[in-house]
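Quick one: this structure, given as structure tokens, is what I'll be asking you about.
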């Protein structure tokens, strides 16, 4: 039998004891859960008292009245969010206050129980939560085993691969139906969009190959001293066709003699990704500075652009698999969301740090510091 | 003559091509279409207009943006039917359905659809939800 710890926060003693009574003989069971859950109830009369209890005990569920004598329920909710306390909050509220409900949802309230409620309503609400908690615990267990990550990866991957197929298929069907008439010229947009989507998918598959090779660790690595300037130059040549179109100047500042022991293909992947991003997310007529330097036990590679830049909060998510920063400005830029995640994974292989400096509207600078001794 | 007001359907999807194709198809079915490609845009629309039905993509900015939007819309207009469309289905083991009472309570969408659905099927489902 699993136990769920529940905290009732309400200034009315009647509500508190009522809830206690309702839950005393109540347990939740589902066919797919391998144990039943029952409830251990603690009470708090005020928000202040609730916070104190939350600081000292672990709870699974909080039933929170909004109208309290001191601080309000919504403030307790804010506190829970701020402190990142892992608990499911259900607001006890009158349905009249929609504003409050919206605010509470934004602050992470899971559900609402309108006041007054029947025992049945409360039980069915808690039944759902128990199920939710069970799933959450299962997920945590899976996460520990690394399964969750693979599972998520696969589900996102399937999404990323199917979307272009759906898009192209949709256009082909429109053409089959001759939606725009007999003249092929009237389908130019659809054909171009289809080709773009196919190209994006090809890029994704290429990235994916890099990705799985690094991920599996099976690729034979050929570590030898390499001249970084050469690799940088090759990468610059690769992005040239697009940078010329966007009228972007690329400057390489480096000492020809800088060498580093590494796998050539891996460094190429890093340079190609950083440079192609610097071009893609740059402005028309912008500039890119590639700097290579060697000092104090580190080889530092930095690629700075004068592009759209990004917020600090975006930087934090940047290196996750399939993460793309979505905004009005990036809407029309295609990408797989894997490039930087690959860069990070390779950097990790060398014990290198990846740092991002960025300002919205001004540009971004990606700095990788490779330790020389390792 | 009786003036028949077209039913408004809100489509939210971050894939511009899918959004375009779906809105064409739904206009062909005789509905008025409103589109949004981000959670924010969708929130702005429902702030001003009450759609008669909404079709939401599941994975947009975040993997669960569809659920969040669904929650927001249901809070504001509990009676508006919502379809969540996704390209992710059985092959990943990620399966949702809203056929059981428990699932309906926490997911709060009225229906889940695979994005590969045929348009005539979609039309039927929409009519069912709109009780046409």
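For residue A:325, all conditions in the list (1) part of a strand (DSSP E or B); (2) under 18 Å from the mean Cα position of the chain (by Cα) hold save one; what is the number of the exception?
(1)
Is it the case that the range A:188-197 has a residue that's touching a residue at least 60 places away in the same chain (Cβ under 8 Å), within 14 Å of chain B (Cβ to nearest Cβ) and assigned to a helix (DSSP H, G or I)?
Within the range A:188-197, the first condition is being touching a residue at least 60 places away in the same chain (Cβ under 8 Å), and the residues that meet it are A:196.
From the residues that got through so far, the ones that are within 14 Å of chain B (Cβ to nearest Cβ) too are A:196.
Retained after the next criterion (residues that are assigned to a helix (DSSP H, G or I)): A:196.
Yes - at least one qualifying residue is present in the range A:188-197.
The rows are residues; the columns are (1) modelled with pLDDT of 75 or more; (2) within 26 Å of residue B:30 (Cβ to Cβ).
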residue	(1), (2)
B:41	yes, yes
B:49	yes, yes
B:64	no, no
B:68	yes, no
B:91	no, no
B:105	no, no
B:113	yes, yes
B:119	yes, yes
B:126	yes, yes
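Still on this model: Under 8 Å by Cβ, and 6 or more places apart or on different chains, what pairs join a residue from the range A:363-374 that is on the phi > 0 side of the Ramachandran plot with one that is surrounded by 19 or more Cβ atoms within 10 Å (Cβ to Cβ) and part of a strand (DSSP E or B)?
A:363/A:304; A:363/A:305
Can I ask one more? When you go through (1) more than 24 Å from residue A:39 (Cβ to Cβ); (2) surrounded by fewer than 16 Cβ atoms within 10 Å (Cβ to Cβ); (3) under 31 Å from the mean Cα position of the chain (by Cα); (4) modelled with pLDDT under 80 one by one for residue A:82, which number turns out not to apply?
The single condition residue A:82 does not satisfy is (4).
Yes/no matrix, rows are residues, columns are (1) buried (at least 21 other Cβ atoms within 10 Å of the Cβ); (2) over 22 Å from residue A:234 (Cα atoms); (3) not assigned by TED's automatic domain parsing to the domain that holds residue A:206:
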{"position": "A:258", "(1), (2), (3)": "no, no, yes"}
{"position": "A:266", "(1), (2), (3)": "yes, no, yes"}
{"position": "A:272", "(1), (2), (3)": "no, no, yes"}
{"position": "A:287", "(1), (2), (3)": "no, no, yes"}
{"position": "A:312", "(1), (2), (3)": "no, yes, yes"}
{"position": "A:320", "(1), (2), (3)": "no, yes, yes"}
{"position": "A:342", "(1), (2), (3)": "yes, no, yes"}
{"position": "A:365", "(1), (2), (3)": "no, no, yes"}
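Kindly indicate whether residue A:206 is over 24 Å from residue A:351 (Cα atoms) and out of contact with any strand residue (DSSP E or B) (no Cβ under 6 Å at 6 or more places or on another chain).
The answer is yes for residue A:206.
Moving on. Run down A:280, A:294 and say which single residue is closer than 25 Å to residue A:159 by Cα and surrounded by 15 or more Cβ atoms within 10 Å (Cβ to Cβ).
Only one candidate passes the filter, namely A:280.
Out of curiosity, is residue A:123 modelled with pLDDT under 85, more than 11 Å from chain B (Cβ to nearest Cβ) and within 30 Å of residue A:20 (Cα to Cα)?
No; evaluated as a whole, the condition is false for this residue.
Could I ask something else about it? For the range A:145-184, how many residues are more than 9 Å from chain B (Cβ to nearest Cβ) and either at pLDDT below 75 or in a loop (DSSP other than H, G, I, E, B) (or both)?
13
Among the numbered criteria (1) within 12 Å of chain B (Cβ to nearest Cβ); (2) at positive phi, which single criterion is violated by residue A:103?
(2)
Is it fair to say residue A:305 is under 19 Å from residue B:14 (Cα atoms) and buried (at least 18 other Cβ atoms within 10 Å of the Cβ)?
The answer is no for residue A:305.
Okay, next question. Taking the residues in the range A:53-70 that are free of Cβ contacts under 8 Å to residues at least 40 places away in the same chain and under 19 Å from residue A:13 (Cβ atoms) as candidates, determine which candidate is surrounded by the most Cβ atoms within 10 Å (Cβ to Cβ). If you could, list the steps in order and put the result at the bottom.
As a first pass, look at the range A:53-70 and keep what is free of Cβ contacts under 8 Å to residues at least 40 places away in the same chain: A:55-56, A:66, A:70.
Next cut, under 19 Å from residue A:13 (Cβ atoms) only: A:66, A:70.
On the way: A:66: 25, A:70: 13.
By that ranking, first place goes to A:66.
How many residues does the range B:60-82 hold that are closer than 22 Å to residue A:320 by Cβ and touching a strand residue (DSSP E or B) at 6+ places or on another chain (Cβ under 7 Å)?
Adding up the residues that qualify gives 2.
The values are calculated or read from the model by the stated rules, or taken from the named source; none is laboratory data. Quick caveat: nothing in here was measured; it's all calculated off a predicted structure. A quick note on method: Cβ atoms are made from the backbone with ideal geometry, for glycine too, and the neighbour counts reach across all protein chains shown.
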